[in-house]
1. Please work out how much length the chain gains when fully extended from K27 to S223, using 0.36 nm per residue of separation minus the C-alpha to C-alpha distance, in nm with one decimal.
2. To test your reading of the geometry: what angle, between 0 and 90 degrees and rounded to tens, separates the Cα axis of helix 136-151 from the longest principal axis of the chain?
3. How far is helix 57-69 tilted off the main Cα axis of the chain, in degrees rounded to 10, range 0 to 90?
4. Looking at the calculated P(r) for segment 331-400, what percent of the C-alpha pair distances fall above 15 Å?
5. Over segment 38-168, with every protein chain in place, what whole percent of the accessible area is carbon and sulfur at 1.4 Å, could you tell me?
6. Taking just the alpha-carbon atoms of the chain, what radius of gyration and Dmax come out, in angstrom?
7. Rounded to two decimals, what is Rg over Rh for segment 168-250 when you use alpha-carbon atoms and the Kirkwood radius?
8. Can you give the FRET efficiency to the nearest 0.05 for L291 and R58, using r as the Cβ-Cβ distance and R₀ = 30 Å?
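The values are calculated or read from the model by the stated rules, or taken from the named source; none is laboratory data. Keep in mind the model is a prediction, meaning the values are calculated, not measured. Note: ideal-geometry Cβ built from the backbone for every residue, glycine included; neighbour counts use all protein chains shown. Please note that ligands, DNA and RNA were not included when accessible areas were found on the heavy atoms of the full protein model with its side chains. Shrake-Rupley method; radii C 1.70, N 1.55, O 1.52, S 1.80 Å.
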Amino acid sequence: MRTKQTFIFTALTMLSFCVSAEALKEKADPLIDLVQEKVVAWRRDIHEHPELGNREFRTSALIAEHLRGLGMEVSTGVGHTGVVGFLRGAADKPVVALRADMDGLPVTERVDLPFASKVKSTYRGEEVGVMHACGHDNHVAILMGAAEVLASMKDSIPGSIKFIFQPAEEGAPEGEEGGADLMIEQGVLKDVDAIFGLHVGPAPLGTIGYRPGGFMASSDRFSITVKGKQTHGAVPWGGVDPIVVASQIILGLQTITSRQLDVTLTPSIITVGKIQGGVRFNIIPDELEMLGTIRTFDSAVRSDIHARIKKTAESIAAASGASAIVEIVKGTPVTVNDPELTNLMAPSLEAAAGAGKAGIVPRTTPAEDFAYYQEQVPGLFFFLGVADPDDPTPASNHSPYFYADERALPVGVKAMTYLALDYLSKE
Ligand SMILES: [Zn+2]
Ligand SMILES: [Zn+2]
């Protein structure tokens, strides 16, 4: 039971933490204003020179030079082209990590900008345009800005900060590893107590959106090979028709999400996107293959769905005398924002965006490899709105028309800076 004395002590300690956190943010504000011009210049430069996953050579050299100039301990070549800067504050611990992804996409830019990308590269053997169509140029510039702000006040920071610049968020080239999981394998989360990351998107300019718990979906692929027995199309009883069996399996799979799982708890999606089999109209083929994707917002539901897909496909096939071979390839996990950390940091996000401009938003079905960090340490991932207010239909991420309004950049720098300062003061 808590005595009156300890209560007063705790209240006083909390008050002193709050005061110091407020003082730190006040100290940071003019520095954030000061760095803005540089942040815009970095962002334009990186936007004009996008690089594909695991090939972010120019970008990482730019980052490493900047972090070294700030007096940080810098590691390069982490997970191929990753850069990690360590800023030792007034105390070694706790350690908070801030992450930005660096890769562009094989998209030819169609936005009319003086710094639009004209870069071309090779992707899967084909010549492609390269563009920061997911806005990772903004993430890098924002984190470089926050690094400069935090480095210039490091003696008053009650902990240390790790700046993680990650390659290949969109996936490594075929036959290569890369991204968050590879950086983790190489020890990037060592001593890290919590991690923060952001993503820009076509939400109202300068707003921040987040969600405790499952925020972005897990993304897994599956293939189902249905094996029957070939026969004449006019004599179906002479064989086993894998096309009819596959049709039943597709409908069976849809009942997993619509009839078997509690939709009031968490949504999930099973999509069959490709079916291939058969040669001509009057032959029932031997076998066919289906490919699909699974999206979930809960790790337990994710494993449950994997088991149910296997059981549904195998049982339906067996009922017709066919067989089904199910293969599930696990992709990105669920982006799970630690609920306690999210609630703790929500005021920092509101302070950065302004009153009423930060709040809880719906889940989104794309996946994000920040999820791998969150499997290891408590993490919070949030969205920053970069839509041009004069554009009634802002393009989505990955579109050749995706455009990020630079006026949101200061909010990004502020959010990352405040999260680090507030978290380290609260520990
Ligand atoms: Zn993307
Ligand atoms: Zn992205």
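1. Full extension of this stretch gives 65.1 nm more.
2. 30
3. Long axis of 57-69 versus the principal axis of the chain: about 20 degrees.
4. Value for segment 331-400 (Cα pairs over 15 Å): 64 percent.
5. Ligands and nucleic acids excluded, carbon and sulfur reach 49 percent.
6. 24.9, 89
7. On the Cα set of segment 168-250, Rg over Rh gives 1.25.
8. The value I calculate is 0.25.
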